1. Determine the pairs where a residue that is modelled with pLDDT under 90, located within the range 467-487, has a partner that is in a helix (DSSP H, G or I) and of a type in the set (G, A, S) with Cβ atoms under 6 Å apart, the partner being 6 or more residues away or on another chain.
2. Of P244, P322, P293, P306, which residue is surrounded by fewer than 19 Cβ atoms within 10 Å (Cβ to Cβ) and modelled with pLDDT of 90 or more?
3. Restricting the range 658-672 to residues that are in contact with a helix residue (DSSP H, G or I) (Cβ under 7 Å, 6 or more places away or on another chain) and surrounded by fewer than 17 Cβ atoms within 10 Å (Cβ to Cβ), which is farthest from N560 (Cα to Cα)?
4. Please determine whether any residue of the range 546-553 is of a type in the set (D, E), exposed (fewer than 14 other Cβ atoms within 10 Å of the Cβ), modelled with pLDDT of 95 or more and part of a helix (DSSP H, G or I).
5. So which of E614, E576, E592, E584 ends up being closer than 27 Å to S480 by Cα and either open to solvent by 60 Å² or more (accessible area, probe 1.4 Å) or hydroxyl-bearing (S, T, Y) (or both)?
6. Residues of the range 28-68 being of a type in the set (D, E, K, R) and either open to solvent by less than 70 Å² (accessible area, probe 1.4 Å) or touching a Phe, Trp or Tyr at 6+ places or on another chain (Cβ under 9 Å) (or both), which ones?
7. Any residue at all in the range 290-299 that is of a type in the set (A, V, I, L, M, F, W, C), assigned to a helix (DSSP H, G or I) and in contact with a His (Cβ under 9 Å, 6 or more places away or on another chain)?
8. Kindly indicate whether F315 is surrounded by 16 or more Cβ atoms within 10 Å (Cβ to Cβ), of a type in the set (F, W, Y) and in a helix (DSSP H, G or I).
Amino acid sequence: MEAAAPSPLLHRPPNITPELRRFLDVRFRSPTDLAAAADVEAEIRGRCAELESSVAELSARLADAAAGYSSSLEAAGSALRSVRGGVTALKASTDKTGVREDVEAGSEKMLFEQLPPLATDVARVDMVRDYAETALKLDGLIGDVEDAVSSSVTAKLKSRGENSEKTHHVAIGYLKKIEDLLASVTRTRPQWTRLISAVDHRVDRSLALLRPQAIVDHRALLSSLGWPPSLSGTKISDSNSGKPAETVNPLFSMKGDLTRKYSESFLSLCNLQELQKRRKARQLHGHNVGNQPRQPLWVIEELVNPLSAAAQHHFSKWVENPEFVFALAYKITRDFVDSMDEILQPLVDKANLVGYSCREEWISGIVIALSTYLAKEIFPKQIELLQESSSSDAGSMAAQARVLWLNLVDLMISFDKRTQDLISGTGLLLSVKDDDNWQRISVLSVFCDRPDWLEIWAEIERREVFASLKSAMENENNWSKRIEGAMLEYGSDDCKSPAITGVVKHGLSLIVDRARPIPSIALRAEFIRISASPIISEFLGCMFRRCQEAEGLTALADDNALIKVSQSINAARYVESTLAQWCEDVFFLEMENLSVVGEEGGSVFQQEINQLKEFRSEWVDKISTVILRAFDARSRDYLKNKRQWQEHSEEPAISRAILESSGYIQGRLSKLEDGLNMLDFVTVWRAVATGVDQLLFTGIFTGSPKFSNGGVERLHADLSVLFAVFQAWCLRPEGFFPRLSEGLKLLKIDEKQLRDGRMVTDKNWLREHGVRHLTAGEAEKIIKNRVYDA
């Protein structure tokens, strides 16, 4: 039996390429694959047809561009020929015999009439030439971009991705040149809007393909690097050493060719974003669009998104223990933040992405991911728990729900402080410290998207503070004891405020401190209005009820009632002073220009400050009125006795009624001086002095009593006793009794100065004698009732 003859060997064509050889090796791995040769041939013919179609399309576009360029050149040539013909005709007309003199005579007129249209034609031709050159240059660049993008797509279909980054860089380079040209055209030729719009439309089509390709390539490269790192074995802290356990960072471990590829991919995305930023700035130039939202850094987003997705698998296990969620989120943020500065920031700077910090962007990305998880998973369960507790009769359940809410807020505030320390701890500040940037690095931004949750938080804080304040207000010792060393605004006087105001101030301080981390000025003001303002109003209502109780029992006639009202006035003065001092802080000054503060304007506590002022003014007036009524009752007989002013005595006796009335005023004011703060006490004694001045002046000089020399001396002695009472609080007490003092001064005027009765009605004469608070009629009446002894 003869052996089978071996199959003849096929000769390898000399022009076969390595790519073709690899293609055939993939399709024909064994002799059995030869049966699929027809399918392979069909595939090759299909690809060839696609390539031939692309070539035909490019040829057609090239022909269109050439035709456009030819028509533009023809128009420019026609215009130039027209100009040349005009110049030739002008020259011929000047060379004709017999007309040279006319030409010379009209040359100046010709220049003014013919040269401007000529200059306009030249400028038009120049503009057409510029437009044609610019359009051709842009068309060529866009064609290069589309070719690069098309070749990248083709390479992707053929599974050849080794040169994709190089293709991306080439396309981005062309796109930057196009953007430079468009920026120049926008500045110099803004009327070419159709050209700019057409180019932008074609560029947008190319970017719609280029950016997804770059992102897909970047994600594939990150996956080959081992990103995201596994969090399954991550420990929040090392229990043996007490030090935080570090997570393996693939960015630090990549080497060699991987480092080069990652850097190229990173730069491609950064360059694309920088290009997009420039295009958007150009397109929005001249439009009043306000503050545009800040675009996050794309390359950092590609790092954060897969890592946050992996972390949420762990978060879902800790819905009942949110402290673990925040601990893991902070650990992820801290473990990778150094690589942002050391590895990625130089690449961002190389791409000329101005205003971006990789550290900030990394922290912002994690914070936004955590905020999104809280808004979707944690807070809805907290809201549900609060609603269930409010519908049930169990008070302990409601209290527990509020405690859980406050605990969650505490975790959020603590997380914000720690993450923001990662920025400020390196000596860096936020690139722009405004609400938008602050919200990017604060998980409390959850409340910016849900103001209704902020209202719930503020109401819970108000109830917690008021619960402790209510018991303190009911304790009488807190009203009788004073805050030692509590000073009034801008002064060194003790405000004599009761201890309850320290409790109120502490509660308000807690609320203000809770509002400080909220990353929105408007929401901070709203939080304070919801939580702090009702507490101040409730405290004001408590003081008002205490004062009404004291007034209703004794009409403020005894010392205990005065002390009780003085305590409330002192408390109102201290709280008012504290709020006014707080409102001078930058934290509150930022809120003054916001519409949420109120239609009247002013600080966030302006309404409460005004209410406290009205309360103090009302009860200070009541105290003054009570003292004046008692003085009036004690001096009524004294004022009715008109004959005493006509008595003649060498040593006039002081009236007993004046002694008793002045003693009463001195006792009341001395008691108030011990119990009332200095500012309000000054208001009280000055109001009393003004009232006594009006009361005595009206009572003494009404009814036209006659004043002898002895009566004048007696009135002088009585008023000296009254003035002596107020000398403890001022140097010139008579200055606070202007009408009595001036009336007595008129009675003491010598008879010789009153020869001419008309002088009394002269205003200048009255001013010369120090009479400024009495009318001319009152002065004349007093002078006429003066009886001089013979």
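1. Pairs that qualify, where the first residue is modelled with pLDDT under 90 and the partner is in a helix (DSSP H, G or I) and of a type in the set (G, A, S), are I483/G502.
2. None of the others qualify; the one that does is P306.
3. Across the range 658-672, the extreme among qualifying residues is L659.
4. Looking only at the range 546-553, we keep the residues that are of a type in the set (D, E), and these are 549, 551.
Now narrow it down to the ones that are exposed (fewer than 14 other Cβ atoms within 10 Å of the Cβ): 549.
Pick out the ones that are also modelled with pLDDT of 95 or more and you get none.
Checked against the condition, which is being of a type in the set (D, E), exposed (fewer than 14 other Cβ atoms within 10 Å of the Cβ), modelled with pLDDT of 95 or more and part of a helix (DSSP H, G or I), the range 546-553 yields no hits at all.
5. Values: E576 fails: either open to solvent by 60 Å² or more (accessible area, probe 1.4 Å) or hydroxyl-bearing (S, T, Y) (or both); E592 fails: closer than 27 Å to S480 by Cα; E584 fails: closer than 27 Å to S480 by Cα.
Every option except E614 fails the conditions.
6. First, pick out the residues of the range 28-68 that are of a type in the set (D, E, K, R): 29, 33, 39, 41, 43, 45, 47, 50, 52, 57, 61, 64.
Passing the criteria: D33, E43.
7. yes
8. Spelling it out, F315 is indeed surrounded by 16 or more Cβ atoms within 10 Å (Cβ to Cβ), of a type in the set (F, W, Y) and in a helix (DSSP H, G or I).
The values are calculated or read from the model by the stated rules, or taken from the named source; none is laboratory data. Just so it is clear, the structure is predicted and the values come from calculations on it, not from any experiment. Because the Cβ atoms are built from the backbone with ideal geometry, glycine has one as well, and the counts that use them run over all protein chains shown. We work out accessible area using only protein heavy atoms, side chains counted, and drop any ligands, DNA or RNA first. Shrake-Rupley method; radii C 1.70, N 1.55, O 1.52, S 1.80 Å.
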